[in-house]
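K.L.:
Take this structure, written in structure tokens, and hold onto it; I'll ask about it next.
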Amino acid sequence: MKFFGYGRQEINRADLRAVRKILKSDYLTQGPAIRSFEAAICDYTGAKFCVAVSNGTAALHLVVAALNLPPGSKGISSPISFVATTNALIYSGLIPEFLDIDPETINLDISQLESSITNETSVVIPVHFAGRAVDVRRIKEIIGADKIAIIEDAAHAIGSEYSYGGKVGNCQYSDATIFSFHPVKTITTGEGGAITTNDPDLYHRLGLLRNHGIQRDPTKLSSNPGPWHYEMQEIGFNYRLTDIQAALGISQLSRIEKIKKRRCEIVELYHKLLSGYNRIVLPLRDHDRNYCFHLFTIRIDFNQITLDRKILMERLKARGIGTQVHYIPIHTQPFYQENFGFSWGDFPVAEQYFNETISLPLYPGLTDRDVRFISEGLLQEVYSEVHESRWSTS
Ligand SMILES: Cc1ncc(COP(=O)(O)O)c(C=O)c1O
């Protein structure tokens with residue numbers, strides 16, 4: 001039986017050729033493919049600088065570390081994201097804070113931002129959930145002259161554009177943007193991530209911290225006894241991407257517009273096939289906004305029907321339809337409750353969304369026929385007790 005995961009990579013012959021070429025070359029890591037991948041990301045997003053790293057979590061960690069945000073200060077983000085988003089704050093001794101979400105966009109509710117900022121706030125991390133771009137310009141306006149950093153978490157959003165124009169990742173209103181290239185994401189390098197920025201100092205620091213904090217620039221060394229010499233001037237990490245991964249990334253990025261188009265077509269088809277059903281709330285119909293959708297998240301009010309989410313997901317799985325829940329609100333994770341005093345009830349809009357949401361399969365390899373099969377399977381299961389009662393009375 002064919003099985004549709006909620007997300008899946010798409011690897012073509014050009015990808016295989018690109019990877020094979022690197023495997024036969026002199027450099028498997030720290031070679032020219034990394035620079036080329038970084039240049040391609042700059043070209044595509046419009047940012048001045050890019051640093052490719054080993055995954056999206058490393059990208060977040062590195063930016064927080066490179067910005068030198070004070071330990072004990074606070075970072076504001078959305079509870080509907082993967083835990084990596086705010087874990088990056090904790091790695092550097094910052095305290096995570098959350099804003100509730102906008103129930104329509106599922107992004108953090110910017111209207112609550114102004115009243116949440118205090119003189120302890122050092123950073124805001126908007127997450128472009130499912131590929132729907134946050135209004136970062138508005139966040140910048142709210143922050144005004146305050147020295148508060150903005151790091152965009154665009155793990156879901158390479159290829160999306162802001163409502164005011166420009167590609168996500170151009171960093172017009174932020175200090176840095178991070179991307180993830182995990183296989184379920186829009187383009188993949190297996191594992192991988194990248195940071196874009198327009199700030200040359202931040203760029204140089206990111207490069208140092210990616211490689212143990214090791215300085216090799218002779219003009220910045222305290223002594224220079226010979227060509228072998230390097231200095232570790234601060235603590236860094238090994239967050240390098242390999243050239244094998246970078247080659248895959250370059251190949252994938254070269255067809256991102258095609259991937260984006262197909263993702264949008266699938267979203268449009270889901271809207272066509274699933275609209276008008278009283279038990280299913282569809283996500284905002286905003287394909288005209290030039291987003292590159294990463295997830296298709298429907299909502300079902302399970303309190304209104306005699307079917308719970310676990311059973312629905314199991315029944316769909318038995319039909320070959322994989323689904324997922326994006327996400328368990330971060331503040332409800334045991335670690336966050338125990339260490340930062342959060343509890344259920346803190347962010348009711350996010351929690352209600354979590355109780356109702358299911359992500360349906362969305363990736364370019366799905367055919368229209370697959371999307372029809374998934375939609376029909378979903379409708380049959382969601383309305384199953386109606387069918388059962390019809391059968392039992394006939
Ligand atoms: C919103 C968000 N941020 C960050 C990450 C971390 O990316 P990675 O898995 O590449 O470390 C993810 C990954 O799922 C994510 O969804």
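K.L.:
Identify, from the list ALA88, ALA40, ALA84, the residue that is crowded, with 22+ Cβ neighbours inside 10 Å, touching a helix residue (DSSP H, G or I) at 6+ places or on another chain (Cβ under 8 Å) and either under 28 Å from ILE256 (Cβ atoms) or among the small types (Gly, Ala, Ser) (or both).
P.N.:
Criteria check complete, one pass: ALA88.
K.L.:
Among residues belonging to segment 43-81 that are among the polar types (S, T, N, Q) and more than 10 Å from the ligand (Cβ to nearest atom), point out the one that is surrounded by the fewest Cβ atoms within 10 Å (Cβ to Cβ).
P.N.:
So the residue we want is ASN68.
K.L.:
Would you check which residues across segment 314-348 are closer than 17 Å to ASN87 by Cα and of a type in the set (D, E, K, R) and list them?
P.N.:
Answer for segment 314-348, where residues must be closer than 17 Å to ASN87 by Cα and of a type in the set (D, E, K, R): just GLU338.
K.L.:
Here is a further query. Considering every residue within segment 195-215, establish whether at least one is in contact with a Cys (Cβ under 6 Å, 6 or more places away or on another chain) and more than 16 Å from the ligand (Cβ to nearest atom).
P.N.:
Yes, some residue in segment 195-215 is in contact with a Cys (Cβ under 6 Å, 6 or more places away or on another chain) and more than 16 Å from the ligand (Cβ to nearest atom).
K.L.:
Let me ask something else. Filter segment 170-187 down to residues that are within 16 Å of the ligand (Cβ to nearest atom) and among the aromatic types (Phe, Trp, Tyr) and give me whichever is nearest to ILE11 (Cα to Cα).
P.N.:
PHE181
K.L.:
Hey, LYS167 hits all of (1) under 28 Å from TYR353 (Cα atoms); (2) without any contact (Cβ under 8 Å) to a residue 60 or more places away in the chain; (3) away from the ligand (no atom under 15 Å from the Cβ); (4) buried (at least 22 other Cβ atoms within 10 Å of the Cβ) but one; which does it fall short on?
P.N.:
LYS167 satisfies every listed condition except (2).
K.L.:
Confirm whether TYR336 is hydroxyl-bearing (Ser, Thr, Tyr), part of a helix (DSSP H, G or I) and at negative phi.
P.N.:
For TYR336, the condition - hydroxyl-bearing (Ser, Thr, Tyr), part of a helix (DSSP H, G or I) and at negative phi - is met.
K.L.:
With the requirement that a residue be in a strand (DSSP E or B) and within 16 Å of the chain's Cα centre (by Cα), what does segment 50-79 give you?
P.N.:
Passing the criteria: ALA52, VAL53, SER77.
K.L.:
All but one of (1) more than 21 Å from TYR6 (Cβ to Cβ); (2) surrounded by fewer than 17 Cβ atoms within 10 Å (Cβ to Cβ); (3) touching a strand residue (DSSP E or B) at 6+ places or on another chain (Cβ under 9 Å) hold for ASP288; state the number of the condition that does not hold.
P.N.:
Answer for ASP288: the failing condition is (3).
K.L.:
Would you check which residues across segment 353-375 are without any contact (Cβ under 8 Å) to a residue 40 or more places away in the chain and of a type in the set (S, T, N, Q) and list them?
P.N.:
THR367, the sole residue that qualifies.
K.L.:
Touching a Lys or Arg at 6+ places or on another chain (Cβ under 9 Å), more than 16 Å from the ligand (Cβ to nearest atom) and at pLDDT 95 or above: which single residue out of GLU141, GLU120 fits that description?
P.N.:
Criteria check complete, one pass: GLU120.
K.L.:
Go through segment 211-265 and give me each residue that's in contact with a strand residue (DSSP E or B) (Cβ under 7 Å, 6 or more places away or on another chain) and farther than 25 Å from ALA58 by Cβ.
P.N.:
Of everything in segment 211-265, those that are in contact with a strand residue (DSSP E or B) (Cβ under 7 Å, 6 or more places away or on another chain) and farther than 25 Å from ALA58 by Cβ turn out to be LEU221, SER222.
K.L.:
Out of everything in segment 130-140 that is under 25 Å from PRO283 (Cα atoms) and either free of Cβ contacts under 8 Å to residues at least 60 places away in the same chain or basic (Lys, Arg) (or both), what residue ends up being surrounded by the most Cβ atoms within 10 Å (Cβ to Cβ)?
P.N.:
Applying the filter and picking the extreme gives VAL134.
The values are calculated or read from the model by the stated rules, or taken from the named source; none is laboratory data. Small disclaimer: the values here were computed from a predicted structure and weren't measured. Reconstructed Cβ throughout: ideal geometry from the backbone, glycine too, with neighbour counts over all protein chains shown.
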